[in-house]
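The values are calculated or read from the model by the stated rules, or taken from the named source; none is laboratory data. A quick note: this is a predicted structure, and the numbers were derived from the prediction, not measured. Note: ideal-geometry Cβ built from the backbone for every residue, glycine included; neighbour counts use all protein chains shown.
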Amino acid sequence: MSVQSPKSITPYKPKKGEAYMNPKQLEHFRNILNSIKLGLGEDIDRTVHSMQDDATVFADPNDRASQESDMALELRSRDRESKLIKKINEMLTKINNGEYGFCEKCGIEIGLNRLEARPTATLCIDCKTLDEIRERQVAK
C-alpha cells in the first residue's frame with residue numbers, strides 16, 4: 001500500500017446518485033487518514049532523534065533556558081500530534097464499523113466537503129456551530 005501526502009490526494013467527486021459513504025468514499029477517507037497518521041509518526045520520530053542529538057549541556061544559563069523552552073514547545077506540539085493520532089485511530093475504527101461520516105449528536109451526514117477539510121470531524125456543521133456558540137456563552 002503506498003501512502004500519499006494528504007495534500008496530494010485529489011478530493012473525492014461523487015457521481016450523481018452515488019450513495020453516501022459507499023466503499024469508494026470510505027477507502028478515500030481511509031487513505032487520507034492513514035497518510036496524515038504516517039506523516040505525524042515520522043514527525044514524532046524525527047523530534048525524538050533530534051532531541052537526543054541536541055541534548056547539550058550549556059554552561060550559560062540563558063542558553064540552557066532557551067534550549068529548555070524550545071524543547072518544551074516541541075513536546076507540546078508532539079503531544080497535540082499524539083492526540084491527533086488517537087483521534088485518527090478512532091476515525092479508522094468508525095470507518096471499519098460503518099459509522100464514519102455521520103454526526104455523533106444528530107446522526108445526519110457530516111458531508112464530503114466538511115470531511116475533506118477536516119477528516120476527523122465528528123459533528124455536522126450545524127451541531128458544531130451550536131457547540132461553538134455555547135462555548136462562547138459559557139466563556140463570558
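Tabulated data for the structure shown
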quantity: Leu92 hydrophobic (A, V, I, L, M, F, W, C), modelled with pLDDT of 95 or more and within 12 Å of the chain's Cα centre (by Cα); calculated: yes
quantity: Test: residue in the range 51-65 that is more than 17 Å from the chain's Cα centre (by Cα) and surrounded by 13 or more Cβ atoms within 10 Å (Cβ to Cβ); calculated: yes
quantity: Filtered residues of the range 12-31 (kept if touching a residue at least 24 places away in the same chain (Cβ under 8 Å) and farther than 25 Å from Lys87 by Cα); calculated: Pro14
quantity: Residue identified as surrounded by 14 or more Cβ atoms within 10 Å (Cβ to Cβ) and small (Gly, Ala, Ser) among Ala117, Ala121; calculated: Ala121
